Each structure stands twice: as C-alpha cells, then as structure tokens.
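This report concerns only the one structure given below.
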C-alpha cells in the first residue's frame, strides 16, 4: 500500500491548507464593466433540423437506404435546412450592420455594442 505523505502531515510545506471562513475579498481591479464587447465568442455551432434528420435516417434504415421510398422525408429535411439558411443569412446581415432586432435572443458583438451605447456607465 502506498501512503501519500502530504495528507498525513497537514503542516508540511507541500500540503494545501484549509480555507478559513469567511474568505476576505481583495479588490485587485475596480469593479466596472467595459464600454464595449469583443467579438471573440461569436462563433456558435448550432444543431439544426435534428428531428427531420432522425426521421430521415429511420426511413433510410427501414427501406435499406433506398432514397426513392423516402422522398417525403428528404424534402422535409431540405425544406428545414433551407428555412434555417434563410434565417441565418438575415441574422448575419442584421448583425454586420449592427441593427437591433426587437425580441432577438442572440445578439452579435456589434449589436451589443450598439445597445451599450444607449446606456453609458455611471462613473
């Protein structure tokens, strides 16, 4: 059996000490938000038309991958993807221009910066 020495000797130099409550807060930088948002995290990968794709693969499996028997499912999947492409294109164009869309849940960094310009920080 291998013994771990730091756990047995809590006063050794390599052992981690327990935190005593309450831990004091040290303010290293002032607590203030920036005026702008960077665009680093804007790349998102979405899973679209998963339901239609699952139905399409189930039909392919049932018909031994014969596309002629699954024309309805293939067209439903293509329609779903075409609708998504059109929506994404409109969102990209609006995002590049920085136009705010009412009710939009995901905003680009340009749209957020446009929104933040309307509410300057109180310093």
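The values are calculated or read from the model by the stated rules, or taken from the named source; none is laboratory data. The structure presented is a predicted model; accordingly, all values stated were derived computationally and were not measured. For neighbour counting, all protein chains shown are included, and Cβ atoms are generated from backbone atoms with ideal geometry for every residue, glycine included.
What to note about this one:
- Counting only residues that are modelled with pLDDT of 70 or more and part of a loop (DSSP other than H, G, I, E, B), the stretch 5-42 holds 24 of them.
- The one condition in (1) assigned to a helix (DSSP H, G or I); (2) out of contact with any helix residue (DSSP H, G or I) (no Cβ under 7 Å at 6 or more places or on another chain); (3) at pLDDT below 85 that residue 122 fails to fulfil: (1)
- Residue in the stretch 38-59 that is closer than 20 Å to residue 113 by Cα, free of Cβ contacts under 8 Å to residues at least 40 places away in the same chain, surrounded by 12 or more Cβ atoms within 10 Å (Cβ to Cβ) and in contact with a helix residue (DSSP H, G or I) (Cβ under 8 Å, 6 or more places away or on another chain) present: no
- Pairs, first under 23 Å from residue 60 (Cα atoms) in the stretch 75-91, second part of a helix (DSSP H, G or I), C-beta under 7 Å, six or more apart: 76/52; 77/52; 77/53; 77/56; 80/52
- On inspection, residue 102 does not qualify as in contact (Cβ under 8 Å) with a residue 40 or more places away in the chain, surrounded by fewer than 11 Cβ atoms within 10 Å (Cβ to Cβ) and in a loop (DSSP other than H, G, I, E, B).
- Matching entry among 63, 75, 85 (being over 30 Å from residue 120 (Cβ atoms), at pLDDT 90 or above and in contact with a helix residue (DSSP H, G or I) (Cβ under 7 Å, 6 or more places away or on another chain)): 63
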